[in-house]
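Only one structure is covered here, and it is reproduced in the block below.
The values are calculated or read from the model by the stated rules, or taken from the named source; none is laboratory data. As the structure is a computational prediction, the values presented were derived from the model and not from experiment. Here the Cβ positions follow ideal geometry from the backbone for every residue, glycine too, while neighbour counts run over all protein chains shown.
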Amino acid sequence: MTFPLIAGTELAQVRRLVTEIPGPRSRELAARRAAALPHGLVSGTGVYAAAAGGGVLVDVDDNAFIDLGSGIAVTTVGNSAPAVVRRATEQLAQFTHTCFLATPYEGYIAVAERLNALTPGTHDKRTALFNTGAEAVENAVKYARVATGRPAVVVFDHAFHGRSLLAMTMTAKNQPYKHQFGPFAPEVYRTPMAYPYRWPSGPDNCAAEAFGALTQLVDSQLGADAVACVVVEPIQGEGGFIVPAPGFLTMVADFCRERGILLVADEVQTGIARTGAWFACEHEELVPDLITTAKGLAGGLPLAAVTGRADVMDAAHAGGIGGTYAGNPVACAAALGAFDEIETNGLLARARDIGELMVRELQSIAASSGVIGEIRGRGAMIAAELVIPGTTEPNRDAVAAVSRHCHDNGVLTLTAGTFGNVLRFLPPLTIPDELLLDAFGVLRAGFATL
């Protein structure tokens with residue numbers, strides 16, 4: 001597989017540092033940024049991108065970084081994936097936009113057909129396209145409310161669903177997502193997530209007790225006939241890649257079905273091959289009523305979707321759903337290219353292989369370090385929760401130190417977790433093993449500095 005940089009060239013899959021980090025050109029851009037952008041709009045690193053592909057990102061100073069973040073799970077098929085670039089370029093030459101609500105086009109329909117076929121379940125389905133994960137989540141709630149005639153939405157501790165008003169309300173973490181941005185949307189209720197590592201009475205009791213809390217909330221406090229939907233991430237993303245205790249999601253799904261409550265799987269971060277299946281809910285054999293996707297859907301272009309039961313999706317009145325840019329034709333073409341890349345290059349299996357390698361490397365690091373409390377995740381969505389040695393107390397300082405070491409030495413990492421103590425790894429599925437091993441060598445050296 002090759003990774004185009006510009007016509008006639010390829011982007012070398014190597015880590016390379018040629019200046020201090022950040023370099024002079026990145027510092028120049030940082031100064032311009034400070035004068036032009038609001039201070040609340042922050043970035044994780046001080047380097048500015050010039051090119052990216054495969055498993056590397058090259059900055060404006062010609063430093064080449066190993067990418068373990070994929071733009072927060074967006075470039076799952078890699079930056080500049082050939083089929084994505086080709087299809088999007090061809091579409092750009094035809095037309096950039098018409099607004100599907102005004103003059104529709106085939107690409108939108110083709111993406112919907114693919115998602116209807118790929119999402120779990122053999123029932124009749126429909127798909128509507130949007131721009132962002134937050135939009136998809138908000139529209140899933142709209143569909144659930146109109147289909148059930150009920151107002152309430154139940155979400156979980158540690159959840160992240162977006163930054164718009166309703167999605168921000170559904171998100172659990174105050175800083176930095178909700179602080180001083182209220183008042184929030186009504187009829188959103190929260191229940192504990194079955195988080196085995198931090199469950200008070202231990203992991204063996206986690207699923208049953210968390211499920212008991214959900215049923216008590218719905219049946220006793222809210223009334224099941226007031227609840228439109230339960231919205232859950234099959235693996236919580238920003239919450240720290242929390243994999244719910246075994247059996248928990250199945251119990252939730254059965255409970256929702258018994259009470260006529262719709263189950264919405266938020267697969268914005270977990271979907272589109274990231275976990276080694278098309279959708280993370282497949283690992284639990286779940287068939288949600290509605291599934292939201294975004295991030296990895298279009299290979300880096302903004303596109304999101306709600307896919308669900310036809311009777312639910314058809315419940316909204318004509319004109320009630322849509323958006324000016326929703327399902328942009330270039331983004332739709334890119335999504336079809338992303339599907340091509342996943343199928344042609346066997347990226348579902350590749351995600352599983354990457355996950356096995358990362359877990360193996362992290363287990364080796366953990367054996368010589370007392371700060372890794374838990375390693376968790378699925379496929380190419382793996383995290384390490386860092387703690388103060390001998391305890392389960394969150395260790396934010398260790399995360400900051402390891403991240404800083406990695407960035408200074410040419411590896412881009414991401415953090416997560418309600419307590420800010422999780423390192424999360426989301427490499428593009430096109431990353432070569434040699435590059436991934438090099439990155440974890442840098443990570444190992446970072447842990448050695450603690």
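Among the residues of the stretch 297-334, those that are buried (at least 20 other Cβ atoms within 10 Å of the Cβ), within 20 Å of LEU118 (Cα to Cα) and either over 20 Å from the mean Cα position of the chain (by Cα) or among the polar types (S, T, N, Q) (or both) comprise THR307, ARG309, VAL312, MET313, ALA333.
Kindly list the number of the only condition in (1) out of contact with any helix residue (DSSP H, G or I) (no Cβ under 7 Å at 6 or more places or on another chain); (2) modelled with pLDDT of 95 or more; (3) not assigned by TED's automatic domain parsing to the domain that holds GLY240 that fails for GLY370. Failed condition: (2). Against the definition (surrounded by 24 or more Cβ atoms within 10 Å (Cβ to Cβ), assigned to a helix (DSSP H, G or I), at pLDDT 95 or above and not aliphatic (A, V, I, L, M)), how does GLY337 come out, yes or no? Judged against the criteria, GLY337 is a match.
With aliphatic (A, V, I, L, M), part of a loop (DSSP other than H, G, I, E, B) and free of Cβ contacts under 8 Å to residues at least 60 places away in the same chain as the only criterion, which of ALA34, ALA12, ALA51, ALA30 stands out? Explain how you work it out, then say what you get.
Numbers: ALA34 fails: part of a loop (DSSP other than H, G, I, E, B); ALA51 fails: part of a loop (DSSP other than H, G, I, E, B); ALA30 fails: part of a loop (DSSP other than H, G, I, E, B).
The conditions single out ALA12.
I'm trying to understand the selection: among the residues of the stretch 30-72, which are within 14 Å of LEU414 (Cα to Cα) and modelled with pLDDT under 95? VAL42, SER43, GLY44, THR45, GLY46 - these are the residues of the stretch 30-72 that are within 14 Å of LEU414 (Cα to Cα) and modelled with pLDDT under 95. Screening the stretch 260-286 for residues that are within 19 Å of PRO302 (Cα to Cα) and aliphatic (A, V, I, L, M) and picking the one that is surrounded by the fewest Cβ atoms within 10 Å (Cβ to Cβ) gives ALA273.
Close Cβ contacts (under 8 Å, 6 or more residues apart or on different chains) running from residues in the stretch 285-296 that are in contact (Cβ under 8 Å) with a residue 12 or more places away in the chain to residues that are charged (D, E, K, R) and part of a strand (DSSP E or B) comprise ASP289/ARG309; LEU290/ARG309; THR292/ASP266.
Among the residues making up the stretch 59-105, those that are hydroxyl-bearing (Ser, Thr, Tyr), exposed (fewer than 15 other Cβ atoms within 10 Å of the Cβ) and not in a helix (DSSP H, G or I) are THR96, THR98, THR103. Within the set THR275, THR250, THR292, THR270, the sole residue that is within 20 Å of ASP314 (Cα to Cα) and either hydroxyl-bearing (Ser, Thr, Tyr) or not assigned by TED's automatic domain parsing to the domain that holds ALA140 (or both) turns out to be THR292.
Of all the numbered requirements in (1) crowded, with 23+ Cβ neighbours inside 10 Å; (2) part of a loop (DSSP other than H, G, I, E, B), PRO200 misses one, and that requirement is (1). The one condition from (1) over 30 Å from GLY420 (Cα atoms); (2) crowded, with 23+ Cβ neighbours inside 10 Å; (3) in contact with a Lys or Arg (Cβ under 7 Å, 6 or more places away or on another chain) that ALA134 does not meet is (1). Taking the conditions (1) part of a loop (DSSP other than H, G, I, E, B); (2) crowded, with 17+ Cβ neighbours inside 10 Å in turn, ARG145 satisfies each one other than (1).
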